[in-house]
Amino acid sequence: MPERPLLLFPTPELASRIKRKGFPQKIHKPDMTRQGIRLPPMFHQLQQAISQKRIEVQATASGIEPEFVLVIETIGSVDDFSNAVKRVEGLEWMGEIDSDEIMPNEDFYLEENPQATLSGKLFLIMSNQVALSQLLSLWNRYQQDPGAKFDHGLAKFKNVFDQVKIIRPWDIQDRLFESGIIEYWRELCDIPDSMIPFEIELWFRNTEQKRSESVEKISRLLNNHGGSITAQCVLTEISYFSIMATLPVAAVQDLLNNNEVDLIKCDSIMYFRPVGQISAKYSDGVELIIHDLDQSDLPELPPVIALFDGLPLSNHDSLRGRIIIDDPDGYESEYQAQERVHGTAMASLIIHGDLEETQNPLQRNIYLRPIMKPHQRLHTREECIPDDVFVVDLIHRAVKRLFEGENGEPPIAPTVKFINLSVGDYSRHFHRQMSPWARLLDWLSYKYKVLFLISAGNHATPITMSQPYGSYTALQNFERQSDIVLSLIRDLRNRKILSPSESINNLTIGAIHDDLSTINALGNRFDPFESLLPSPISAFGTGYRNSIKPDLVFMGGKQLFKVPYLASSTQVIPANGYAAPGQKVASPGVASGTTNSYTYSRGTSNATALITRNAGVIFDATNEIFTQQNLASDYSKYSTILVKALLVHGCSWGEIGENLKAIMNTDHAIENPGRMINRWIGYGFPTISNVLNCDTQRVTVIGYGDLSNDQAHIFRFPLPSSLSSRRFKRRLSVTLSCLSPVRVSTQRYRDAQLWFELTDRGFVNSRKESDARTVRKGTLQHEIFEGIKAEPISDNEIIEIKVNCKEDAGKILNPISYGLVVTLEISPELNIDIYTEVATRIRPSIRVRQ
């Protein structure tokens, strides 16, 4: 127990939430006369399309009424349109997509900035001929008489008709857009006489009969081309419906060359997707480093950390007796000892941290479930999710096994609170729409009160600089760094976070370009950064609905680059390998049976594993505080969200942010450097030691509770009167976290929005770093407030922190649990013991059990 432990707020006061009205931007929209000119041709094209489909269906034996998905793109907000759609027979709600990338035209534009991109929605609606006729009838009635009264529940169609920019069918380009399937097919077509596996994500239909009809239709189309369905997966809780399919190479080549192939025109299909894109590639050569490690005091406590990854070398000297391996799928039989690379490295980082630094191993075992196994892919052998497995189904089964058991068995590790996912789908960058994997993690995290720690993803692709390498080397250090940073920002579209890191309930971790290693020789490599900056391979956000992602960054190792063969080259390529720099981790080595090999690795996987390790450390430290105050039952309920808050609570942009700002200020094309910093490093880099330990100039208080719609809790943080009328620098950090149920069919997505506000900020009147609106878009709000002016403080002076709750995507059926962390810190040179003053006023209050 530290000398000055974290303090607990007394039970908060219940109040009503703060209600504020927004100020929407003024959008120019066409009048009814103009819409009467614009929309009829679109309806006519839709009628022609479905008539053509009717002809095509009549030529087959199925006789099924043709359907297609309408895409209705509107400008501005139209809330609750799904309810109106459900009242029209033949229309079926498929979902909606937020968009802030809609180009303006002469009809729709922002009046204050006509060139700016617009925000709106894409409504996705399954329709047949009858439903389309009804939709057209509603339009005609509205066009003839805008004041006409529609039947109950249909009035939202008027808003849509006012704001619609485009009505079109979901088409071939949508099914193939940014999925990576084209590149995947082309790559595998190089293997003659093979069957190519791939995934087909289907529109989720609300009835089992409709889903069966979709499968039968696609099975028939695949059979016509020599292919077949090998598996299917339905998860109704996240509206996920997908099949695994194979086609011969010749059929895939036909798909690539001919847009008229019936399979890619099938309206039951939402997306075509690659399989086996979640992998950990091996590098050539292993550096063996003999390392002595103290193996005393093996852990006996049950695990709170689970690692879903590759199979580790469990008898490695640093891992033996510290891992509980659970391999119900039998992946171990597919591994050679020397292939157990990624899981060994991640387990090593979680248990010991970077082995360049002497740290105590975790006090608990970690649970490990292999989700990858070796697979030969063209010229390389990689650890990856198997081609014949749905990652959504695999993770769902793995998590359910933890907390509910499987096949009649009891739960395998119900004490787990944190799950490390240092993997990502490099074929699926986050683009507007939540991936099924992210939806699954959000649903699982709320259901089981477990926190996933997810790597943002690495983009180990070439960087195209603004000048040849020969000219680059002649620049000063700041100019060289600026060239790399600005080149990465220009390529931001191709460097987005990877699925499932857009998850809103869980933490996404990026990497910074730093480690504790010593580089003995660069050889043909060069270091792009001498200052503290994000890793050049770490993925960029933002997250869902422009929320902050990644949430934070941590040390991911220095990533060197290869010196190009030609000085005239403008491209530089990341240098792989097992030599320093990087984090020192356990390795299986080259020779089978080697149990004391160590090597260096780097990337967002490493940063995520280190944050996961810190989650375990924080859990045990705060558990001790709650236990000593006879609040163990409270901690059992709130521990996940409290650790989530504490992991981020010590974050700030700090030196990394200052270095990025200095570079971005040299490029006038970057209009908002602060927003770009958020996209790369989120809330910043955490100082974990400060979070766990208070001192005389820094005091941290924890609060928690449960709120329903329109409720609020008021926490009162005591201000030390000894600071009265003194001019000095002070900082107040406030972090709020929760887990929200999700509603996957609507774009608002989270059922509950929780946020805090300070009712009086005279003492700390300056907000720092992240934008005040952006921080409220997820399930984690972290803000830093500062002040310096001399302010009078009475003996009972407080700062009120009001935690508010309101419904967002749907009804809040059960109160939402949250965790709150507040820290006040003052200049170290100010020799005043604020901890004792705050503790004296906090401790007499009684914390009522929740």
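The values are calculated or read from the model by the stated rules, or taken from the named source; none is laboratory data. These figures come from a predicted structure and were not determined experimentally. Neighbour counts run over all protein chains shown; Cβ positions are idealised from the backbone, glycine included. Note: areas computed on protein heavy atoms with side chains; ligands, DNA, RNA excluded. Shrake-Rupley method; radii C 1.70, N 1.55, O 1.52, S 1.80 Å.
Scanning the stretch 150-175 for residues being aliphatic (A, V, I, L, M) and part of a strand (DSSP E or B) gives a total of 3. Checking the stated criteria, Gln629 turns out not to satisfy the condition of being crowded, with 18+ Cβ neighbours inside 10 Å, more than 27 Å from the chain's Cα centre (by Cα), at pLDDT below 95 and of a type outside the set (Ser, Thr, Tyr). Taking Glu213, is it more than 30 Å from the chain's Cα centre (by Cα) and of a type in the set (D, E, K, R)? Taking the combined requirement at face value, the residue satisfies it.
Exactly one residue out of Glu187, Glu199 is more than 26 Å from Gln45 (Cα to Cα) and open to solvent by 60 Å² or more (accessible area, probe 1.4 Å), and it is Glu187. On the basis of being of a type outside the set (Ser, Thr, Tyr), on the phi < 0 side of the Ramachandran plot, in a strand (DSSP E or B) and crowded, with 19+ Cβ neighbours inside 10 Å, does Val734 make the cut? In short, yes.
Within the set Ser740, Ser725, the sole residue that is on the phi > 0 side of the Ramachandran plot and in contact with an Asp or Glu (Cβ under 8 Å, 6 or more places away or on another chain) turns out to be Ser725. Modelled with pLDDT under 95, on the phi < 0 side of the Ramachandran plot and part of a loop (DSSP other than H, G, I, E, B): is that true of Ser179 in this structure? Spelling it out, Ser179 is indeed modelled with pLDDT under 95, on the phi < 0 side of the Ramachandran plot and part of a loop (DSSP other than H, G, I, E, B).
When Leu824, Leu813, Leu820 are checked against the criterion of being of a type outside the set (Val, Ile, Thr), touching a residue at least 60 places away in the same chain (Cβ under 8 Å) and in a loop (DSSP other than H, G, I, E, B), Leu813 stands alone in meeting it.
The set of residues in the stretch 102-121 being free of Cβ contacts under 8 Å to residues at least 24 places away in the same chain and surrounded by 17 or more Cβ atoms within 10 Å (Cβ to Cβ) consists of Pro104 alone.
A single entry from Pro528, Pro564 fulfils the requirement of being open to solvent by less than 10 Å² (accessible area, probe 1.4 Å), of a type outside the set (A, V, I, L, M) and either part of a loop (DSSP other than H, G, I, E, B) or in contact (Cβ under 8 Å) with a residue 12 or more places away in the chain (or both): Pro528.
If you go through the stretch 320-343 and keep only what is polar (S, T, N, Q) and either open to solvent by less than 20 Å² (accessible area, probe 1.4 Å) or farther than 15 Å from Asn596 by Cα (or both), you end up with Ser333, Gln336. Could you say whether any residue in the stretch 717-730 is assigned to a loop (DSSP other than H, G, I, E, B), under 29 Å from the mean Cα position of the chain (by Cα), touching a residue at least 12 places away in the same chain (Cβ under 8 Å) and surrounded by fewer than 22 Cβ atoms within 10 Å (Cβ to Cβ)? No, because not a single residue in the stretch 717-730 is assigned to a loop (DSSP other than H, G, I, E, B), under 29 Å from the mean Cα position of the chain (by Cα), touching a residue at least 12 places away in the same chain (Cβ under 8 Å) and surrounded by fewer than 22 Cβ atoms within 10 Å (Cβ to Cβ). Given the condition open to solvent by 50 Å² or more (accessible area, probe 1.4 Å) and β-branched (Val, Ile, Thr), answer yes or no: does some residue in the stretch 534-547 qualify? No, the stretch 534-547 has no match at all.
The numbered conditions (1) more than 30 Å from Ser77 (Cβ to Cβ); (2) open to solvent by 60 Å² or more (accessible area, probe 1.4 Å); (3) within 32 Å of the chain's Cα centre (by Cα) are all true for Gln173 except (1). For the stretch 484-503, a tally of residues being open to solvent by 10 Å² or more (accessible area, probe 1.4 Å) and not in a strand (DSSP E or B) returns 7. Among the residues examined, Ser652 qualifies as open to solvent by 10 Å² or more (accessible area, probe 1.4 Å), modelled with pLDDT of 95 or more, closer than 29 Å to Glu791 by Cα and hydroxyl-bearing (Ser, Thr, Tyr). Among the residues making up the stretch 614-643, a single one is of a type in the set (Phe, Trp, Tyr) and closer than 13 Å to Val416 by Cα: Phe619. In the stretch 815-838, the qualifying residues are those that are hydroxyl-bearing (Ser, Thr, Tyr), touching a Lys or Arg at 6+ places or on another chain (Cβ under 9 Å) and surrounded by 15 or more Cβ atoms within 10 Å (Cβ to Cβ), and the one that is farthest from Val803 (Cα to Cα) is Tyr835. Within the bounds of the stretch 785-802, is there any residue that is touching a residue at least 12 places away in the same chain (Cβ under 8 Å), among the basic types (Lys, Arg), outside any loop (DSSP other than H, G, I, E, B) and touching a helix residue (DSSP H, G or I) at 6+ places or on another chain (Cβ under 9 Å)? Within the stretch 785-802, not a single residue is touching a residue at least 12 places away in the same chain (Cβ under 8 Å), among the basic types (Lys, Arg), outside any loop (DSSP other than H, G, I, E, B) and touching a helix residue (DSSP H, G or I) at 6+ places or on another chain (Cβ under 9 Å). The test for being under 26 Å from Asp297 (Cα atoms) and open to solvent by less than 10 Å² (accessible area, probe 1.4 Å) does not hold for Ser314.
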